[in-house]
Each structure stands twice: as C-alpha cells, then as structure tokens.
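Participant: Following this message is one structure expressed as structure tokens.
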Amino acid sequence: MQFVFDLDGTICFKGQPLTKEICAALNMCQAMGHEIIFASARPIRDLLPVLPEKYHQLRMVGGNGAFRNADGSIEVNSFDKSTCKQLFDIIDVHQLSYLIDSSWDYSYTGEQTHPIYQNIDPLKSAKNVPIDLLENVVKMVLFTSNAEIQKSLEALPLTLHLHQDEGILDLSPEGIDKWAGLQQLGIKENEFIAFGNDSNDICMFEAAKESICIGNHPAAKEHATLHITADQVAKMILRMSEKHLTQQIEVN
C-alpha cells in the first residue's frame, strides 16, 4: 500500500524536523512493505530539510502539486505568462507582499517575523531574487486574506487556497493540486492512504482508500475517514500499516 503524508501540521510541527517517534513509525511502515510518499505545500527545496536524509530519494509532491520529485529529478508546472502578468498587476495595484517560488530560487517581500519566512530555504541553497529575475513562477503566496482580492484571483486560471489563520492566499497553476501531482507520479485512486490537516489535502482525501485528518480544520475533517489529534499520529501510522498489511495478505 502507498501512504501519502502532508508535512506541516500533519507529521511536522512548527517547522521543526520530524520527531524520533514519527520517524520510527514511518520506518516501521516501510519495513512492512508499504511505500511512503510526501505531499506538501512547500516547494521541494524547503521540504527536504525537515526530512531525514534517507527519505530524500522517496517520491514526493511539493508546492501543492506544482513540484514533483522522483528518483532525485524535480519536475514542475509553471504559471503561463499571461496569468503571471495578471498576478503581478494585482500585486502591484494592491501593493501586496508575497513569496513567489521558481523552480529553485524565490522572491520574498513579506515580514521576516512571519512563520513562513522561517521555513524558506533553511539550507541556504537558493537565492532571494527580484520578481522580474525569476526563471519561472511555479507557486505563489500572497500575504492577504482580503475577500475582494480573492474574488479577483478566482477569476483567473489558477488553483487557490485561503489559509485564514495565516492570512494568506496560496496559488498554484490551473488544475494543479496535490492529487493532480500524485497522479503525475503514477498514484491511482483508491490505492493509497492519505494523512493531512488542511483544505489543500481534501483533494487527496477524496481520492484515497482511507484518509486521516490531523487537527480541527472543519472542511478537511468532513472529507476524512478518521479524525485524530497530533499526539496520535505515530500510533495511527502503525495502526494503518498493520491493517493494510493484513488486508494485502488476505487478498494474496
């Protein structure tokens, strides 16, 4: 069975690396013959530092599906030039702060005290460059939750997630979300177990054989098979690993 894990708020908390308890559960999951796949809102660049190095070669989705990493090779979906221009115009008109990710480098104008800033390029492997010097635009975070701006963005060909608690709008290219990214890795509907905690995980929950929501996001909980708290994650990984190992043995 394939097990797909979101990172922040699911198995990674407050931007810190995975705990020993979570790693032990993931190791046991692998030992039982299951495949581990990560699916995060972070670009691959910022996803790797919170994972043990031995996990870096695992298949993963970043940027809510806009980045895919398989066999150490990163592929991306980018915004088209017309959409980029419209987004840059909205940023300029409303004087919005932003985090814009290219294939590897980025452009950031937000506050250095914002939690997102703490998680950008901790290994210092990329450059913070002016917006017009980005190679391409793969993912964009706008530091606003203004309803009128959100309405303007929804008229554009893109995928949008509002994170009200953080006061941000999270944008990906049209048709791109975590489930779309997983499909591009060859993952099939109803053949994986999904762990997540937020609205951007709902698409995975809907396609998964079973889904586990961590925390209290109302919409995510509604679409999940099970709902647990953060301190129950490691035990749930083991429980699901054993359950689906048993089912595989019975089928075979």
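Participant: Evaluate the Kirkwood expression for the hydrodynamic radius of segment 80-124, namely the inverse of the mean inverse distance over all pairs of different C-alpha atoms, and round to one decimal in Å. The partial results should precede the final answer.
Facilitator: Working: mean 1/r = 0.0841 Å⁻¹.
So the Kirkwood estimate lands at 11.9 Å.
Participant: Tell me, what % of the accessible area of the chain is carbon and sulfur with a 1.4 angstrom probe?
Facilitator: 49 percent
Participant: Sum -39500 (n - 2.57) across every DSSP H segment of at least 4 residues in the chain, then divide by the residue count to get the 222 nm mean residue ellipticity, nearest 500.
Facilitator: Counting only the DSSP helices, I get -9000 deg cm²/dmol.
Participant: Which of the peptides 61-67, 146-152 is most tightly packed, and how do the rest follow, going by the mean number of other Cβ atoms within 10 Å of each residue?
Facilitator: Per-residue mean Cβ counts within 10 Å order the peptides as 61-67, 146-152.
Participant: Another one. Cα-based Rg (one decimal) and Dmax (whole number) for segment 145-187, in Å?
Facilitator: Computed over the Cα atoms of segment 145-187, radius of gyration and Dmax are 12.2, 38 Å.
Participant: I would also like to ask the following. State the answer as a single residue: which of Leu160, Tyr98, Asn216 lies farthest towards the positive end of the charge dipole of the chain, with beta carbon charges of +1 for Lys and Arg and -1 for Asp and Glu, about the Cα centre.
Facilitator: Of the listed residues, the answer is Asn216.
Participant: Then there's this: Treat every Asp and Glu Cβ in the chain as -1 and every Lys and Arg Cβ as +1, leave all other atoms uncharged, and give the resulting dipole magnitude about the Cα centre to the nearest 20 debye.
Facilitator: It comes to approximately 560 debye.
Participant: In Å², and per residue, what accessible area does segment 60-195 have when probed at 1.4 Å with the other protein chains present?
Facilitator: 49 Å²
Participant: Okay, next question. Which value, in debye to the nearest 20, describes the size of the charge dipole of segment 46-121 about its Cα centre when Lys and Arg Cβ atoms bear +1, Asp and Glu Cβ atoms bear -1, and nothing else is charged? Don't skip to the end; give the middle numbers.
Facilitator: On the way: 5 positive and 11 negative charges, 46 e Å.
Taking the Cα centre of segment 46-121 as origin, the dipole is about 220 debye.
Participant: As an exercise, take the mean of 1/r over every pair of distinct alpha carbons in segment 108-205, invert it, and state the Kirkwood radius in angstroms. Please list the in-between numbers first.
Facilitator: Values: mean 1/r = 0.0641 Å⁻¹.
Answer for segment 108-205: a Kirkwood hydrodynamic radius of 15.6 Å.
Participant: Follow-up question, since we're still on this one. Under 25 °C and 0.890 mPa s, how fast does the chain diffuse according to Stokes-Einstein, given a Kirkwood radius computed over C-alpha pairs? Answer in µm²/s, whole number.
Facilitator: Details: Rh = 18.5 Å.
This corresponds to a translational diffusion coefficient of 132 µm²/s.
The values are calculated or read from the model by the stated rules, or taken from the named source; none is laboratory data. Nothing here was measured: the structure is a model prediction, and the numbers come from that model. Cβ coordinates were reconstructed from backbone atoms using ideal geometry, including for glycine residues, and neighbour counts include every protein chain displayed. All accessible areas refer to the heavy atoms of the entire protein, side chains included, with ligands and DNA or RNA removed. Shrake-Rupley method; radii C 1.70, N 1.55, O 1.52, S 1.80 Å.
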